[in-house]
Amino acid sequence: MFSSNSQEWETPQKLFDEYNQKHNFEIDLAATPQNAKCPKFFTKDDDALTKPWDFKSAWCNPPYGRGVGEWVKKAAEESRKYKSKIVMLLPVRTDTKWFHNYIFCPRSNCTIIYIKGRLKFGGHQNSAPFPSMVVIFNGVEDE
C-alpha cells in the first residue's frame, strides 16, 4: 500500500500548466517555497485560512488531511464574496459533508472535473492511492 507521511501532495506541473493557461492564476493558496506554482503564494506559516482570498483567480491544492473541508468551505465562501475564480485540486471524496455542503449543492455554481486515472504527484514515484478531481468555484452563487 502506498502511503505518505505528509498530507501535502505537490501539484503535477503539467496539470497546473493546463489550468493556469486557462485561468492565469495570481496566487497559489497552499504551497511551500519549494513547490509553489505561482510567484505569489501562501505557506503554512501564512495560514491562508485566516487571510482574505481577494484575487481574481487562485490555485489551491490544500493539505489532504481531515482539515481539507475547511479549505473547501473557505474557497466556496471567498469565491462568492470576492467574485473570484478559485480552482482546487482535491481527492475525490463524494461521501463527505464538505463535498455535499460546498461542492455538490444547488448554490455552489462550481464545475467538477474528475481526473481519469490516478495522478502522479510531484516528489512521488508511484501514482496516488486515490482518485482526484479539479473543482472550479466560479465566483457567483447559482440562482
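The numbers here are math on the coordinates, done by the rules we state, and not lab data. Treat the numbers as computed from the prediction; the structure is a model and nothing was measured. Backbone-built Cβ (ideal geometry, glycine too); neighbour counts: all protein chains shown.
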- Test for K73: is it touching a helix residue (DSSP H, G or I) at 6+ places or on another chain (Cβ under 9 Å), within 23 Å of P129 (Cα to Cα) and charged (D, E, K, R): no
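Please state which one of K116, K120, K85 is among the basic types (K, R) and free of Cβ contacts under 8 Å to residues at least 40 places away in the same chain.
Going through K116, K120, K85 in turn, the sole match is K116.
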- Task: Scan the range 21-35 and give yes if some residue there is farther than 16 Å from M133 by Cα, surrounded by 19 or more Cβ atoms within 10 Å (Cβ to Cβ) and among the β-branched types (V, I, T), otherwise no.
- Result: yes
- Somewhere in the range 25-36, is a residue of a type outside the set (A, V, I, L, M, F, W, C), over 16 Å from N138 (Cβ atoms) and either in contact with a Pro (Cβ under 6 Å, 6 or more places away or on another chain) or without any contact (Cβ under 8 Å) to a residue 24 or more places away in the chain (or both)? yes
